[in-house]
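Remarks on the structure that follows.
The values are calculated or read from the model by the stated rules, or taken from the named source; none is laboratory data. No experiment lies behind these values; they were computed from the predicted model shown. Ideal geometry is used to build each Cβ from the backbone, glycine not excepted, and the neighbour counts take in all protein chains shown.
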Amino acid sequence: MTLATAYHECKIGAASDEFGEFLSLTMNTVQKIWQGFKDVLIRPSTYIALMIGLVLLGIRFDDSPVIEGVRMRLFDSYQKLWPREDDNPPVIIADIDEKSLEFIGQWPWSRTIIAELVTELKEMGAVVIGFDIVFAEADRMSPSAFARGTKNLPAEIADALAEMPDNDRILSKAFVRAPVIAGQATSNDERYRLNGEKIRQPQPARLGGDPLPFLPQAEGLIRNVLPLEKSARGKGIFSLDVERDGIIRRVPTLFAIDGKLYPSLPIEMLRVAARGKNYAVQAYQERGGGISRVQTAGIWIPTDRRGRMWIKFRKWNASTHLSISDILSRDIPPERVRGKIVIVGTSAIGLLDIKRTPLNDQIPGVDVHAQALENILAQDFLVRPLVLEAIELLSVAFAVLGFVLVIPLLGPLWTLLIYGAVSVSYVATSIYLFREHGWLLDATYPVFAALILFSYLTFANFAREERQRRQIRHAFSHYLSPDMVDELTKDPDRLKLGGEAREMTILFSDIQGFTGLSEKYDAATLTTIINKLLTPLSNEILEGKGTIDKFMGDCIMAFWNAPILDPNHARDACHVALKMAAAMDPINKRLQAEMEEEGHEFNGVKVGIGINTGIVCVGNVGSDQRFEYSVLGDDVNLASRLEGQTRTYRIDIVIGEATAKQVPEMAHVELDLIIVKGKTKPVRIFALVGDQDIASDIRFKELKSHHDLMVASYRTQDWEVARQAIKAGFEAAEEFGISNLYLMYNARIEEYEAFPPGDDWDGVYRATTK
């Protein structure tokens, strides 16, 4: 194999290993996400959140006045921040202003003055003249009307007046000579009902579904007197559609009256200006229906479902208003009017045609029609397509699903950051669509609905975690130190039914001589003694980072490295065991004094401790309704057996080989190679004599040297050397509390000398008791 080939195969192997690690990491991540998803699905708060989401969707679908009002305020703010710009508006208003009323007189004026105005505007070059006024009654200032209304008028004067031209006829002749659109108004008054009367009015071409049910409805129509109606080029309705809050944002393009369609004033003015014969309306055929757009002068105007067009307002411009007094006085140069569309209306406050718009609290109603015309001519529309409403509903639905999944997995803080980022992006998108395309996307309700869901789920998540913390504190406050309980409450998800494999150190302790105590004392006294024995021993465990698994009579079972990770679990357990053993002398003295005061005899007890380290299963064991945090495994059973061997070897603390290997710095000596009861394989066990200070003591080092020689000679059946090692180390063994062990080995050697175990003896001792 060449060096290049070897290098190539190494690269392939490394890549394979990297791919395997990547695949494993990916699978673990997917598994965690799937497990988190399953956990979320079983929570009651998930279903409550889904119900809240459905309610929020229902509220949005119903679109209550409050919801609509908030949405409109958002759109108003956009218009205030970015109004439409138009330096040379194509529409001029012939204004019945305060100056004109002062110059001509109070309203209504004689129709001859209106005729003079129409004639003057035509000569100045107006493209079309529309009236935001309706002349519903005959002019009372006509000569004939004056004659009829004046008492005691001489007959010759009355006859002369009667022969004079009627003012309405004069105005109708002016209408004939100029492109005039007569204004009309809707009414539900009984006097103005059409009752099937045929009115000469072009009907729009209908495309798609039936538009009639969706248009603004009225029972009657306030019309102009017949001569004016017949002589006008067209008739348009100037009635405006005011929103619930009194602000005008949309104007109707068509009206439905007595089963027929009638155009608004701006629509009809554009039709006549373009010399069009007709216009069109398109409606949705889908279920629910509604208007989508209206066409006039070859321009398609997008509308809402009721056929209303949104107005993109500009700031009020005084230059668009020409006082009628100035027009009649010819103080206005013709260039101001030539090629313009003219609407005759009023800005005089006393004539009560003042409206509110998103940009102005007070604006003449005629300005609304003028700005509608400007929007159409510039084709600069505000639109709110149905797709935007669908997006808003979907946004609420996605917020429901997103928060239900994200908050439990990422927590409130990260979710809040995501919510903030998404909300800002949503609002930014809404602003972008308004400024660049004139689209009206509501950002208020989706953001508000998401906030409601976020608030609820955050509260539910907090309440659930707080409930878990209380449960954890209740369950573990007697078995863990307060600091460890605090650590555990920070991550309640550790406490799920089931377990995980983990290396741990397990400790069993038992009060030796408990049977004798139970024979001496009654139950109440015995309970008091046991509590006074177990309380200080338990405190040592808790202070040493241990978890108390359970109390079994006079026995304590504890473990390390769960639920809080403890990399020094074996060392911590051994230190606790030494403290427990050391605590027995003061405990016995205190109990003896207390018992003697009560007239009882107390001779003291000892504690036997078994410790083992190994891979065990730790977690909540039990049922869904009742479980306890515990450990299971063969190494747990071995720890219990080691505690039992403290009686056999008359040693306070017995540890397993795995534990001894993890605490090489501590003072321990090998006890035996033993097969404990219930097992088939031998294990090496050790006596824990002291901590690292003892291990470094010169006397202990001497003891260990003699002890290791004794054990090695014993297993090779070199009885004499073993006996000499016992003799040499006995004094040090007494000093460190293991002299009974040497006496036991001395007895074994004497027995084996009398009854040799044979050449095939493996040095293993088989325990007959637990």
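Which residue, of GLU229, GLU197, is touching a strand residue (DSSP E or B) at 6+ places or on another chain (Cβ under 9 Å) and not in a strand (DSSP E or B)?
GLU229
Would you check if GLN217 is over 41 Å from the mean Cα position of the chain (by Cα), under 15 Å from ALA185 (Cα atoms) and surrounded by fewer than 22 Cβ atoms within 10 Å (Cβ to Cβ)?
yes
For the stretch 308-325, which residues satisfy the criterion of being assigned to a helix (DSSP H, G or I) and more than 15 Å from GLU123 (Cα to Cα)?
Within the stretch 308-325, ALA318, SER319, THR320, SER325 qualify.
Return only the number of the condition from (1) of a type outside the set (Gly, Ala, Ser); (2) in the same structural domain as VAL180 (by TED's automatic domain parsing); (3) in contact with a helix residue (DSSP H, G or I) (Cβ under 6 Å, 6 or more places away or on another chain) that ASP95 does not satisfy.
Condition not satisfied by ASP95: (3).
Among the residues of the stretch 206-215, is any under 27 Å from VAL176 (Cα atoms), in the same structural domain as ARG111 (by TED's automatic domain parsing) and either modelled with pLDDT under 90 or not aromatic (Phe, Trp, Tyr) (or both)?
No.
Are there any helices (runs of 4 or more DSSP H) wholly within the stretch 595-708 with 2 or more residues that are crowded, with 20+ Cβ neighbours inside 10 Å and at pLDDT below 95, and if so which? Give the derivation first.
On the way: elements: 634-649, 657-662, 692-695.
In the stretch 595-708, the matching helices (runs of 4 or more DSSP H) lie at 634-649.
What tally of residues in the stretch 578-594 results from selecting those that are closer than 17 Å to GLY513 by Cβ and surrounded by 15 or more Cβ atoms within 10 Å (Cβ to Cβ)?
8
Given the structure, is MET269 hydrophobic (A, V, I, L, M, F, W, C), in a helix (DSSP H, G or I), at negative phi and assigned by TED's automatic domain parsing to the domain that holds ILE96?
Against the criterion (hydrophobic (A, V, I, L, M, F, W, C), in a helix (DSSP H, G or I), at negative phi and assigned by TED's automatic domain parsing to the domain that holds ILE96), MET269 qualifies.
What is the residue count in the stretch 709-737 for residues that are part of a loop (DSSP other than H, G, I, E, B) and more than 21 Å from VAL654 (Cα to Cα)?
3
Could you check, for the stretch 108-122, whether at least one of its residues is assigned to a loop (DSSP other than H, G, I, E, B), farther than 29 Å from THR186 by Cβ and without any contact (Cβ under 8 Å) to a residue 60 or more places away in the chain?
No.
Consider the stretch 356-394. How many of its residues are part of a loop (DSSP other than H, G, I, E, B) and aliphatic (A, V, I, L, M)?
The qualifying residues number 1.
Taking only the stretch 315-325 into account, find how many residues are free of Cβ contacts under 8 Å to residues at least 60 places away in the same chain and surrounded by 15 or more Cβ atoms within 10 Å (Cβ to Cβ).
Looking only at that region, the number is 1.
Among the residues of the stretch 516-545 satisfying the criterion of being in contact with a helix residue (DSSP H, G or I) (Cβ under 6 Å, 6 or more places away or on another chain) and not in a helix (DSSP H, G or I), which is farthest from ARG502 (Cα to Cα)?
GLY544
Any residue in the stretch 220-238 that is under 15 Å from ASP139 (Cβ atoms) sitting within a Cβ distance under 7 Å of a residue that is assigned to a helix (DSSP H, G or I) and not hydroxyl-bearing (Ser, Thr, Tyr)? List the pairs, counting only those 6 or more apart or interchain.
VAL225/ASP168; PRO227/ASP168; PRO227/ARG169; LEU228/ASP168; LEU228/LEU171; LEU228/PHE175; SER231/PHE175; SER231/VAL176
Return the residue satisfying two criteria in turn: it lies in the stretch 340-351 and is part of a loop (DSSP other than H, G, I, E, B) and modelled with pLDDT under 95, and of such residues it is nearest to GLU123 (Cα to Cα).
That would be SER347.
Any residue at all in the stretch 278-286 that's touching an Asp or Glu at 6+ places or on another chain (Cβ under 9 Å), under 30 Å from PRO211 (Cβ atoms) and either small (Gly, Ala, Ser) or outside the structural domain of VAL242 (by TED's automatic domain parsing) (or both)?
yes
How do the pairs read when you match residues in the stretch 420-436 that are on the phi < 0 side of the Ramachandran plot with residues anywhere that are of a type in the set (Val, Ile, Thr), using Cβ under 6 Å and keeping only pairs 6 or more apart or on different chains?
The qualifying pairs are SER423/VAL447.
Quick check on my filter: what residues within the stretch 425-459 are more than 14 Å from the chain's Cα centre (by Cα), hydrophobic (A, V, I, L, M, F, W, C) and more than 15 Å from PHE75 (Cβ to Cβ)?
Within the stretch 425-459, just ALA428 meets the criteria.
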